[in-house]
Amino acid sequence: MVERRHGFAVICSIIIFLGLVAFSTCIAAEVKRTKVKDIKFHRKLCYAPTSPAFGLGLAALICLLGIQFVGNCVIGKQFWSREKKTELKARKPITVAMTLLVLSWVSFVVAMVLLGAATSMNHSQAYGKGWLDGECYMVRDGVYIGSAVLILATVIFSLGSILMTRKRDWQWHV
């Protein structure tokens with residue numbers, strides 16, 4: 001039973017660590033993103049250099065994928081390893097756990113879309129070959145901050161779902 005508790009602590013620590021890394025890289029990407037002063041114009045064409053936010057955004061994306069993968073593996077293992085008997089008392093925690101799981105997926109998907117688009121906009125945009133339709137685009141203020149908040153929501157919902165799927169006798173099954 002001691003190993004199971006340590007396993008649970010390790011899993012939660014991994015999720016929290018990845019969440020903190022993803023959150024901090026989003027904050028750093030917000031500071032380091034491409035600014036208007038970085039864009040160069042030649043007639044109607046524009047050029048935007050690769051920003052450090054590109055690498056920071058990729059790191060945040062990878063950490064976010066890790067959070068969702070680890071969280072869902074643990075939730076799936078705990079959910080499917082349950083005994084086939086379902087008591088009336090156990091239905092409420094499962095409903096809450098599934099709701100939290102769905103919320104983690106919603107925040108994950110929205111964060112991935114925001115991060116993916118913002119990160120790709122911070123990659124080099126050559127003259128006439130911009131991000132979309134040959135035009136240069138910049139990430140608006142707060143997009144990376146919004147992604148950071150969604151990452152925290154994903155971590156909280158994943159951890160909440162993991163906590164709700166454990167057995168009623170408070171043993172951790174990881």
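Using a Förster distance of 22 angstrom, determine the FRET efficiency expected from the C-beta separation of D141 and K40, and round it to 0.05.
The calculated FRET efficiency here is 0.55.
Taking 7 Å along the Cα-to-C-beta vector as the label spot, tell me the H6-S24 distance in nanometres, rounded to one decimal.
2.6 nm
Each reported figure results from applying straightforward, stated rules to the coordinates on display, with no laboratory input. Worth saying up front: this structure is predicted, and the values here are computed from it rather than measured. Because the Cβ atoms are built from the backbone with ideal geometry, glycine has one as well, and the counts that use them run over all protein chains shown.
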